[in-house]
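*Asks:* Below you will find the structure I want to go over with you.
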Amino acid sequence: MISTNNDLMLNLEYFLKKNYKKGIYFETPPAIGIWKQIGLLWKYYPNEASAKNDLKKIITLNKLYWNDLYKIPIITKKNNKILHLQVVQSHYVILIKKYSQLLAENGDMEGAKIALKKILKLNSEDKLNTKFILMNLYVFEKKCPEAKKIKVELNNIDYSKNKLFLESVLEYYQTCEPKNVEINKIKNQIKQVDLKNTPNLKSF
């Protein structure tokens, strides 16, 4: 008898419920229950309440792993052809950003920014996205001089077709330079992106 996907999910759900007190960790969390990042893995919790009760431990462990234990793979001219190394670094970068988000959501803005700055030191394809996130954090804190330094670095980048980037820049201007004439330009660019992404009903 061949097991269906539904059978597998039911078996997994049963396994999780019976064993979660022992601690269950997955590299990629399935769509069952609540999963919280612990370093490079995800820990299962049966509900948000149990995860919340463990929040202090979750943050402490993540700080230990990301600050003291993990060494992020460095891509250089000598090893940039090694696909596996690139994949590993990319995986680390994704999880560092998740870790940064965890810290920011729980009030540790400095820790969140330090985590993001680790990515900026790498030869990573995610540098641009990380710069926007870091700028967003400075804007949220209303630390405009720091946010402006990043904004200046982004001036030579064409982000006119990326709505998320445009919204970040708009938030920067509205918070730090509310009289800047660029505000209307950015708003119009956002509208243009929205128009391009709106389905044309006549084409159906």
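*Asks:* Find how much the distance from GLN174 to PHE15 grows on full extension, using 0.36 nm per residue of separation minus their present alpha carbon separation; answer in nm with one decimal.
*Replies:* 52.2 nm
*Asks:* Mind pulling the angle between the C-alpha long axis of helix 5-19 and the longest principal axis of the chain? Nearest 10 degrees, somewhere in 0 to 90.
*Replies:* In the chain, helix 5-19 runs at an angle near 70 degrees to the longest axis.
*Asks:* Residue by residue through the range 110-120, which ³J(HN,Hα) values in whole Hz follow from phi under the Karplus form 6.51 cos²θ - 1.76 cosθ + 1.60 (θ = phi - 60°), with glycine and proline marked x?
*Replies:* Running phi through 6.51 cos²θ - 1.76 cosθ + 1.60 with θ = phi - 60° gives 5, x, 5, 5, 4, 4, 5, 5, 5, 5, 5 Hz.
*Asks:* For the range 86-131, which trypsin sites (Lys or Arg not before Pro) are both in a DSSP coil and crowded by at most 12 other Cβ atoms within 10 Å?
*Replies:* LYS121
*Asks:* Given the pairs LYS52/LYS118; LYS56/LYS127; LYS36/LYS97; LYS43/LYS163, which span a C-alpha to C-alpha distance of over 23 angstrom in this model?
*Replies:* LYS52/LYS118; LYS56/LYS127; LYS43/LYS163
*Asks:* Which longest uninterrupted range of the chain lacks any GluC sites (Glu not before Pro) assigned by DSSP to a loop state (not H, G, I, E or B) and surrounded by at most 15 other Cβ atoms within 10 Å? Don't jump to the answer; show the numbers that get you there.
*Replies:* On the way: sites that count: GLU27, GLU125, GLU141.
No qualifying site falls inside 28-124, the longest such stretch.
*Asks:* Another question about this same structure. Sum up the charges of everything whose Cβ sits under 12 Å from the Cβ of HIS91, counting Lys and Arg as +1 and Asp and Glu as -1, but leave HIS91 out.
*Replies:* Cβ neighbours under 12 Å give a net charge of 0.
*Asks:* Right, something else. Any chance you could check the Cα centroid distance between the range 128-166 and the range 1-65 for me, in angstrom?
*Replies:* 34
*Asks:* Around GLN174, under 11 Å between beta carbons, what's the net of Lys plus Arg minus Asp minus Glu among the other residues?
*Replies:* Around GLN174, the charge tally is -2.
*Asks:* Once both axes come from the Cα atoms, what is the angle between helix 83-105 and the longest principal axis of the chain, in degrees from 0 to 90, rounded to 10?
*Replies:* 80
*Asks:* Can you tell me the length gained on complete extension of the stretch ASN47 to TYR159, counting 0.36 nm per residue apart and subtracting the Cα distance?
*Replies:* Gain in length upon complete extension: 36.4 nm.
*Asks:* Quickly estimate the mean residue ellipticity at 222 nm for the chain, helices only: each DSSP H run with n ≥ 4 gives -39500 (n - 2.57), and the total goes over all residues, rounded to 500.
*Replies:* Only helices count here, giving -19000 deg cm²/dmol.
Bear in mind these aren't lab numbers, they're just calculated from the coordinates by the rules spelled out. Keep in mind it's a predicted model, so treat the numbers as computed, not measured. Virtual Cβ from ideal backbone geometry, glycine too; neighbours counted across all protein chains shown.
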